[in-house]
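Heads up, the thing below is written out as structure tokens.
Only the coordinates and a few stated rules stand behind these numbers; no lab work does. Keep in mind that what you see is a predicted model, and the values were worked out from it rather than measured. Positions of Cβ are backbone-derived with ideal geometry, glycine not excepted, and every protein chain shown enters the neighbour counts.
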Amino acid sequence: MRFPSRTLRPAAALAFVLAASAAAQAQTAAERGKAIFDAAGCYACHTEKGGPAMAGGPPLPTPFGTFYAPNITPDPDTGIGKWSDDDFVRALREGMSPSGQPFYPVFPYTAYTRMTRQDMLDLRAYLNTLAPVKRASRRHDLKFPYSVRASLYPWRWLNFTAGEYTPDKAHDAQWNRGAYIVEALSHCGECHTPRDFLGGLKNDLKLSGARMPVGNLVASNLTPDKSGLADWSAGDIAAALETGELPEGGTLGGEMGEVVANSTSKMSKDDRAAIVAYLKSLKPIATTVAKKKKD
């Protein structure tokens, strides 16, 4: 019996090594996914104040009605525990549910579509480490005809093109990293770009400031125009992203204060520097929005 036992030992050792390697890879994916999670600002939308993390968000009032971000914990019944990796990628890339229903664009899949598949899968790996919470997602309370999901198809045809971010060869790696964070992961344009009456982004005025569809706030001009960041140094912008401190004194509050606390302050120094490089390179555009509350 000794001979068979000797032959099994290398196989058992190999199985142990492979299992350990798989566990290490999974941990690395989840760690990378945590950085994606922070950059994407998932926590603020999907967590109600005082409620369990990622089990459903607070009301988001808009001109079209009130939206509620769903439970995205790994609970198999009320969360996304039964979703396959392809289901998850399809939600981010195409804005479609596993059952084939279009998501409302209050879920910023119009920006997330530009994420790499690997970043999407790493994000999923991190979400899988969260505690599952059995809590049904709240139904949106929308006005007609926005309450009819079929009305989304014309909107998608006009305003949505699916596809991963393609690096611009005319710029260096830092600039492209900044563009990827701003345009895809952190979806800054969703708040800082003006919209038309149907809620589509006016991309000719990209990042020039806008009245946000959620609440009654004004998102500031992020272009290097006098009405935006022209007088801000690279260090000023980086400091605001890290600590919320403003060059003229005071700190960012409101929605942008939450973005700093939950997202940009948790980014690496290099990623914040990449954002700065990208914003500084933008075409200056004068804001078209009167300032009421700065965010």
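Rank the residues I285, I36, I72 as a footprinting-exposure proxy: fewest other Cβ atoms within 10 Å of their Cβ go first.
Ranked by crowding around the Cβ, least crowded first: I285, I36, I72.
I'd like the Kirkwood hydrodynamic radius of the chain, using the inverse of the mean 1/r over distinct C-alpha pairs, in Å.
When all Cα pairs of the chain are included, the Kirkwood radius is 20.7 Å.
Going through the cross-link list K134/K266; K34/K134; K143/K280; K82/K202; K34/K226; K206/K269, which pairs have a Cα-Cα distance over 30 Å in this structure?
Among K134/K266; K34/K134; K143/K280; K82/K202; K34/K226; K206/K269, the Cα-Cα distance tops 30 Å for K143/K280; K82/K202; K34/K226.
Using unit Cβ charges (K, R positive; D, E negative) and no other charged atoms, how large, in debye to the nearest 20, is the dipole of region 112-205 about its Cα centre?
620
If you take the charge dipole of the chain about its Cα centre, with +1 on Lys and Arg Cβ and -1 on Asp and Glu Cβ, which of N221, A40, L241 is farthest toward its positive end?
With unit charges placed on the Cβ atoms, the residue in question is A40.
At what distance in nm do the modelled label points of A230 and F197 sit from each other, each positioned 7 Å from its Cα along Cα→Cβ?
Once both label points are built, they end up 3.2 nm from each other.
I'd like to know which of M120, G50, F144 lies farthest towards the positive end of the charge dipole of region 31-159, counting +1 on Cβ of Lys and Arg and -1 on Cβ of Asp and Glu.
Checking the options against the dipole of region 31-159, the answer is F144.
Explain nothing, just the number: dipole magnitude of region 145-252 about its Cα centre with +1 on each Lys and Arg Cβ and -1 on each Asp and Glu Cβ, in debye rounded to the nearest 20.
580
Just want to confirm a number: the relative contact order over region 236-295, from Cα pairs under 8 angstrom separated by 6+ residues, in percent.
This gives 35 percent for region 236-295.
Relative to the longest principal axis of the chain, what angle (0 to 90°, nearest 10) does the C-alpha long axis of helix 117-127 take?
In the chain, helix 117-127 runs at an angle near 80 degrees to the longest axis.
Have a look at T110, T73, T161 and tell me which one the Gaussian network model of the chain (Cα, springs below 10 Å) gives the largest fluctuation.
Highest fluctuation among the options: T161.
Relative to the first principal axis of the alpha-carbon coordinates of the chain, what is the inclination of helix 269-281, with its axis defined by its Cα atoms, in degrees from 0 to 90 and to the nearest 10?
Roughly 40 degrees between the two axes.
Based on other C-beta atoms within 10 Å, arrange Y180, Y165, Y153 from fewest to most.
Exposure proxy ranking, most exposed first: Y153, Y165, Y180.
Once amide H atoms are built 1.01 Å from N in the peptide plane, which residues 5 or more positions from V218, or in another chain, come under 5 Å H to H?
M212, K292, K293, D295
What does the charge dipole of the chain about its Cα centre add up to, to the nearest 20 debye, if the Cβ of each Lys and Arg holds +1 and the Cβ of each Asp and Glu holds -1?
640
If each of K283 and Q118 carries a label point 7 Å out from its Cα toward its Cβ, how far apart are those two points in nm?
The modelled label-to-label distance comes out at 3.3 nm.
Can you give the helix-only mean residue ellipticity at 222 nm for the chain, where every DSSP H stretch with n ≥ 4 adds -39500 (n - 2.57) and the sum goes over all residues, rounded to the nearest 500 deg cm²/dmol?
-12500 deg cm²/dmol
Test of understanding: what is the full-extension gain from S84 to T28, defined as 0.36 nm times their sequence separation minus their Cα-Cα distance?
Result: 18.2 nm gained on full extension.
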